[in-house]
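The values are calculated or read from the model by the stated rules, or taken from the named source; none is laboratory data. What you see is a predicted model, and the numbers here were worked out from it, not measured in a lab. Note that each Cβ is placed from the backbone with ideal geometry, even for glycine, and that neighbours are counted across all protein chains shown. Accessible surface areas use protein heavy atoms only, side chains included; no ligands, DNA or RNA. Shrake-Rupley method; radii C 1.70, N 1.55, O 1.52, S 1.80 Å.
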Amino acid sequence: MVAVAATGTRTVNAPLHVLLAGGGTAGHVEPSLALAGALVRRDSSTVISALGTSGGLETRLVPARGYQVHLIPKVTMPRGRPRDWTRVPSGVWAAARESARILDELQPDVVVGFGGYVALPAYLAARRRKIPFVVHEANARPGVANRIGARLTSYVAVSTPATVDALPHARLVGIPLRRSIAALDRDEVREKSRLSLGLEAERPTLLVFGGSQGAQTLNRAMEAAARSLLDRGVQVLHAVGGQNEVHVDRHDGDPPYVAMAYIDQMELAYAAADLVLSRSGAMTCAEIAAVGLPAVFVPYPHSNGEQAVNAEPLVNAGAAVMVRDDELSPIVVEHLVGGLVTDSGELGVMAAAARGLGASDADERLADLVLTAAVRR
């Protein structure tokens, strides 16, 4: 492998150094870590480090995988047209200056950004330092950071065919997934996964989560509908997010209702579940398709509406149902969700449709692009 030494000269057989810029939510962090895994599998000497902010999940998830995080100030993404990037707030430029300082210190061979708070300063700093960078866009509708970044590099990866035309230089690779999810056999490990999560082995199982921060709409609806689900024999695994809580009236002999802030091993949760009720972030949709899990999606109603677009391929294929955020009520949970999770025949049809949309090699495809950018530096 050819890499750049701290002096700025090229050094033969030095370990490749890749700097990841994907912080804030699990939807940004997890694809970056899946890419890191693919690169290290190819060459165990590869050095991986990451940019992040103090309040992001990356401060916990990245060190847990054995990589170092370098913190930069968190800034709010600018809104408006991509060509207005020269007028971004001063906070972005301050974060870009700190990112440039870190680049000078680490001397990475290539930077890989996944959008969000961390990516835009990283793109600007890499451009200034003439370090090649790769943009990965997971959502069907690109965010501001990646719309800007894609204009500054020729290495752009997207997750859906519809996004290929939305960004310059884009090529379709999909969303990198952890091997533990991409290769998951739900049937084989279902019982073991349920027992490890405090669930029972044979009951219909509903998985509920609203992204890494939780979703109050889902939490409130589940809290009110929990009694009905438990009466139907449905057990629930519910990631409530952060400091959130749900209060469920449970009786002796009820099925389990397991509530936790965050699920670190999502492969166990996916294997345990018969149905998922969740937001429809790009990462969630990709993982659910890969493992063949039926879903009821409640897209986040704000931002640029990308979550509804993310869910459409699964809904159109018959693998999922979509419910508007303002229409999710306890009655919908009781009747729609409760009816689906106890209907094994319909769940089988939906699971087969989901599996037909899954992609399991996006991490390797993105690794190819990253190595191309690094070699051509």
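Determine the pairs where a residue that is on the phi < 0 side of the Ramachandran plot, located within the stretch 288-308, has a partner that is of a type in the set (Lys, Arg) with Cβ atoms under 6 Å apart, the partner being 6 or more residues away or on another chain.
These pairs meet every condition: Val291/Arg186; Tyr300/Arg279; Asn304/Arg141; Glu306/Arg141.
Taking the stretch 143-183 as the region of interest, how many residues are hydroxyl-bearing (Ser, Thr, Tyr), surrounded by fewer than 19 Cβ atoms within 10 Å (Cβ to Cβ) and under 17 Å from Leu120 (Cβ atoms)?
Residues flagged as hydroxyl-bearing (Ser, Thr, Tyr), surrounded by fewer than 19 Cβ atoms within 10 Å (Cβ to Cβ) and under 17 Å from Leu120 (Cβ atoms) within the stretch 143-183 amount to 0.
Before we move on, is Ala373 closer than 30 Å to Val47 by Cα, assigned to a helix (DSSP H, G or I), of a type in the set (Gly, Ala, Ser) and over 19 Å from the mean Cα position of the chain (by Cα)? Steps first, answer last, please.
Numbers: closer than 30 Å to Val47 by Cα: yes; assigned to a helix (DSSP H, G or I): yes; of a type in the set (Gly, Ala, Ser): yes; over 19 Å from the mean Cα position of the chain (by Cα): yes.
Against the criterion (closer than 30 Å to Val47 by Cα, assigned to a helix (DSSP H, G or I), of a type in the set (Gly, Ala, Ser) and over 19 Å from the mean Cα position of the chain (by Cα)), Ala373 qualifies.
List the pairs whose first member sits in the stretch 88-99 and is under 9 Å from Ile72 (Cβ atoms), whose second member is modelled with pLDDT under 85 and assigned to a loop (DSSP other than H, G, I, E, B), and whose Cβ atoms are under 6 Å apart, counting only residues at least 6 apart or on separate chains?
Listed pairs, sorted by first residue: Ala95/Val75.
Just the residues that are among the β-branched types (Val, Ile, Thr), open to solvent by less than 50 Å² (accessible area, probe 1.4 Å) and closer than 19 Å to Gly242 by Cβ, please, taken from the stretch 39-63.
Thr53, Val62
Could you please give the count of residues in the stretch 25-68 that are over 20 Å from Gly115 (Cβ atoms), of a type in the set (S, T, N, Q) and touching a strand residue (DSSP E or B) at 6+ places or on another chain (Cβ under 7 Å)? So that I can check it myself, show each step before the final result.
Within the stretch 25-68, the subset over 20 Å from Gly115 (Cβ atoms) is 40-47, 63-64, 66, 68.
Next cut, of a type in the set (S, T, N, Q) only: 44-46, 68.
Subset that is touching a strand residue (DSSP E or B) at 6+ places or on another chain (Cβ under 7 Å): 46, 68.
Number of matching residues: 2.
When residues of the stretch 253-279 are filtered for being open to solvent by less than 30 Å² (accessible area, probe 1.4 Å) and within 13 Å of Gly210 (Cβ to Cβ), how many remain?
Of the residues in the stretch 253-279, 5 are open to solvent by less than 30 Å² (accessible area, probe 1.4 Å) and within 13 Å of Gly210 (Cβ to Cβ).
Please find, within the stretch 64-123, the residue that is surrounded by the most Cβ atoms within 10 Å (Cβ to Cβ) out of those that are outside any helix (DSSP H, G or I), at pLDDT 80 or above and hydroxyl-bearing (Ser, Thr, Tyr).
My answer is Tyr117.
Hey, among the residues in the stretch 184-240 that are of a type in the set (Val, Ile, Thr) and at pLDDT below 95, which one's surrounded by the most Cβ atoms within 10 Å (Cβ to Cβ)? Before the answer, list the steps.
In the first step, residues of the stretch 184-240 are kept if they are of a type in the set (Val, Ile, Thr); the result is 189, 205, 208, 217, 234, 236, 240.
This time we only want the ones that are at pLDDT below 95, so: 217, 240.
Details: Thr217: 20, Val240: 22.
Selected residue: Val240.
Considering only the stretch 326-347, state which residues are assigned to a helix (DSSP H, G or I), within 19 Å of Gly233 (Cβ to Cβ) and either under 22 Å from the mean Cα position of the chain (by Cα) or not hydrophobic (A, V, I, L, M, F, W, C) (or both).
Pro330, Glu334, His335, Gly338, Gly339, Ser344, Gly345, Glu346
Go through the stretch 298-325 residue by residue and tally those that are at pLDDT 95 or above, assigned to a loop (DSSP other than H, G, I, E, B) and polar (S, T, N, Q).
Adding up the residues that qualify gives 0.
Could you tell me how many of the residues in the stretch 124-142 are open to solvent by 30 Å² or more (accessible area, probe 1.4 Å) and in contact (Cβ under 8 Å) with a residue 24 or more places away in the chain?
So the answer is 5.
Give just the number: which of (1) over 19 Å from the mean Cα position of the chain (by Cα); (2) closer than 20 Å to Pro161 by Cα; (3) open to solvent by 60 Å² or more (accessible area, probe 1.4 Å); (4) at pLDDT 95 or above does Gly356 not satisfy?
Condition (4) is where Gly356 drops out.
When you check Arg250 against the structure, is it farther than 18 Å from Thr25 by Cβ, open to solvent by 30 Å² or more (accessible area, probe 1.4 Å) and either in contact with a Pro (Cβ under 6 Å, 6 or more places away or on another chain) or modelled with pLDDT of 95 or more (or both), yes or no?
No, not satisfied.
Assess whether Asp363 counts as being of a type in the set (Asp, Glu), outside any loop (DSSP other than H, G, I, E, B) and open to solvent by 60 Å² or more (accessible area, probe 1.4 Å).
Criteria not met by Asp363.
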